[in-house]
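One structure is given below, encoded as structure tokens.
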Amino acid sequence: MYADIIIDITHEKLDKVFQYRVPEELEGDLRTGAGVIVPFGRGNRETKGYIVGFSETCDYDAEKIKDILRTDTSSVAIEARLVALAAWMKEYYGGTMIQALKTVLPIKRTEQQKEQRILKRCISREAGEKKLEEYLHKNQKARARLMAALLDDEEVEYSLISQKLNITLTVVRALEEQGVLEIKNHKIYRNPVKEKEQQRHFITYTEEQERAIRTFENDYKKGIRKTYLLYGVTGSGKTEVYLAMVQRTLEIGKGAIILVPEIALTPQMVRWFHSRFGENTAVLHSRLTDGQRYDEWRRIRSGQARVVVGARSAIFAPVDKLGLIVIDEEHEQTYLSDKHPRYDARRVAKQRCENEGAALILSSATPSILSFAMARRGDYTLVEMPRRVGNRPLPQVTVVDMRRELEAGNRSIFSALLIQKLKECLDGGHQAM
């Protein structure tokens with residue numbers, strides 16, 4: 001048995017797959033996505049790799065094929081699961097393993113982590129004042145300016161010191177050697193959300209909302225992970241239902257992914273999610289800078305952010321201990337990728353939930369025909385919410401056949417009824433859209 005292995009999962013190293021022999025003692029223990037240690041290069045340097053496939057035949061000279069040394073117990077579980085998901089996508093949708101891996105693991109590791117340099121005074125104020133007098137006496141003006149700044153504030157940013165006070169790093173190093181200050185480097189998180197404050201929400205659920213939440217909770221407590229079609233009319237409170245389910249998922253130590261159509265990811269909506277889950281929220285969408293995307297990916301992977309809100313590609317977010325995936329407006333065509341591999345985020349979400357033991361919620365007022373058929377057949381659990389919150393009436397809709405308007409001699413793009421209603425609206429002092 002032979003295993004196809006990628007040595008690294010950065011973009012630059014994804015273009016080649018190496019073949020290794022599976023030792024007899026490891027047969028049956030290895031699976032796609034597993035991390036392994038292999039001898040690599042002329043010096044047979046022990047290197048970590050990931051298995052992306054198996055074969056009973058060898059593509060090279062069998063005598064030159066090296067053996068896998070052992071499984072890698074230190075490999076990150078989430079990376080192994082994402083590699084396994086890429087392997088499934090390659091089989092299900094076609095294309096190459098490289099294409100699938102670059103889709104599932106889209107973050108370039110070469111992106112630089114942003115840091116902030118802080119200068120901290122290490123001596124007392126009295127000692128600092130004596131140092132200031134010494135620098136002034138010796139006409140060391142730059143050192144004096146820096147010392148004066150440190151007397152005003154015990155900690156100051158190096159960027160402010162260098163720009164406003166025109167102080168070079170050489171001067172800073174000189175004071176560091178004298179024990180006057182120390183240099184501290186802080187990692188900066190490039191937050192794409194301006195509003196950080198988490199707000200408490202007190203919600204009184206309707207009977208239908210409570211029933212929907214209870215259906216999910218009862219299954220979850222029993223260890224049952226299903227796919228739910230949350231089918232409710234506009235204004236029935238579907239969003240509050242799945243947010244409550246996300247909250248329950250977090251309470252038991254699991255993570256969640258919420259997919260929304262790209263067009264719906266407005267700054268207001270992002271801030272709204274952030275106000276619900278605070279610093280636990282990460283955002284992934286196409287308008288992030290490379291630095292913001294890298295920082296969000298790092299926070300998700302480390303477990304600092306356990307709720308991911310994003311567009312289609314957020315389905316591949318490296319959430320460990322995944323407990324729930326929500327796809328809002330699941331009927332939208334934006335969940336279909338038009339690039340290789342041409343995947344459907346809804347189908348990928350279902351597969352990922354099966355792989356990781358998570359539940360899936362598809363939410364819509366107008367479900368796709370496929371999802372509705374699956375619910376009617378019993379493959380999905382149908383949760384219906386036919387009434388609006390507060391029993392507010394649905395808007396009255398009138399369908400006008402414009403062919404009849406044309407027959408009546410109306411060549412305008414507006415029907416006679418629409419013109420009449422617009423006139424009534426304007427005469428009443430209202431606005432129309």
Within region 308-318, is there a residue that is in a helix (DSSP H, G or I), at pLDDT below 95 and more than 18 Å from the chain's Cα centre (by Cα)? no
Taking region 289-307 and the residues there that are without any contact (Cβ under 8 Å) to a residue 60 or more places away in the chain and more than 10 Å from the chain's Cα centre (by Cα), the one that is least open to solvent (accessible area, probe 1.4 Å) would be Gly303
Taking first residues from region 394-414 that are touching a residue at least 24 places away in the same chain (Cβ under 8 Å) and second residues anywhere that are open to solvent by less than 100 Å² (accessible area, probe 1.4 Å) and hydroxyl-bearing (Ser, Thr, Tyr), the pairs with Cβ under 8 Å that are 6 or more apart or on different chains are Leu394/Thr234
Exactly one of Ala256, Ala212 is under 30 Å from Arg299 (Cβ atoms) and of a type in the set (A, V, I, L, M, F, W, C), and that one is Ala256
Taking region 75-95 and keeping residues open to solvent by less than 40 Å² (accessible area, probe 1.4 Å) and in contact (Cβ under 8 Å) with a residue 60 or more places away in the chain leaves Ile78, Glu79, Leu82, Val83, Ala84, Leu85, Met89, Gly94
With criteria (1) open to solvent by 10 Å² or more (accessible area, probe 1.4 Å); (2) touching a helix residue (DSSP H, G or I) at 6+ places or on another chain (Cβ under 9 Å), Met374 comes up short on (2)
Scanning region 286-307 residue by residue, the ones that are at pLDDT below 85, assigned to a loop (DSSP other than H, G, I, E, B) and not charged (D, E, K, R) total 3
(message) Within region 354-361, does at least one residue satisfy the condition of being crowded, with 17+ Cβ neighbours inside 10 Å and among the charged types (D, E, K, R)?
(response) yes
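Here is a yes/no grid of residues against (1) more than 17 Å from Val309 (Cα to Cα); (2) assigned to a helix (DSSP H, G or I):
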site: Leu229; (1), (2): yes, no
site: Gly235; (1), (2): yes, no
site: Tyr242; (1), (2): no, yes
site: Val246; (1), (2): no, yes
site: Leu250; (1), (2): no, yes
site: Ala256; (1), (2): no, no
site: Ile263; (1), (2): no, yes
site: His274; (1), (2): no, yes
The number of residues in region 313-343 that are over 18 Å from Val246 (Cα atoms) and open to solvent by 30 Å² or more (accessible area, probe 1.4 Å) is 10
Of Leu417, Leu362, the only residue that is part of a helix (DSSP H, G or I), at pLDDT 95 or above and on the phi < 0 side of the Ramachandran plot is Leu417
Of those in region 2-25 that are out of contact with any strand residue (DSSP E or B) (no Cβ under 6 Å at 6 or more places or on another chain) and under 22 Å from Asp61 (Cα atoms), the residue modelled with the lowest pLDDT is Asp15
Restricted to region 118-139 and to residues being touching a helix residue (DSSP H, G or I) at 6+ places or on another chain (Cβ under 8 Å) and over 17 Å from Glu182 (Cβ atoms), the residue most open to solvent (accessible area, probe 1.4 Å) is Leu136
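The values are calculated or read from the model by the stated rules, or taken from the named source; none is laboratory data. Keep in mind the model is a prediction, meaning the values are calculated, not measured. Cβ atoms come from the backbone with ideal geometry, glycine included; neighbour counts cover every protein chain shown. Side chains included, ligands, DNA and RNA excluded: accessible areas come from the protein's heavy atoms. Shrake-Rupley method; radii C 1.70, N 1.55, O 1.52, S 1.80 Å.
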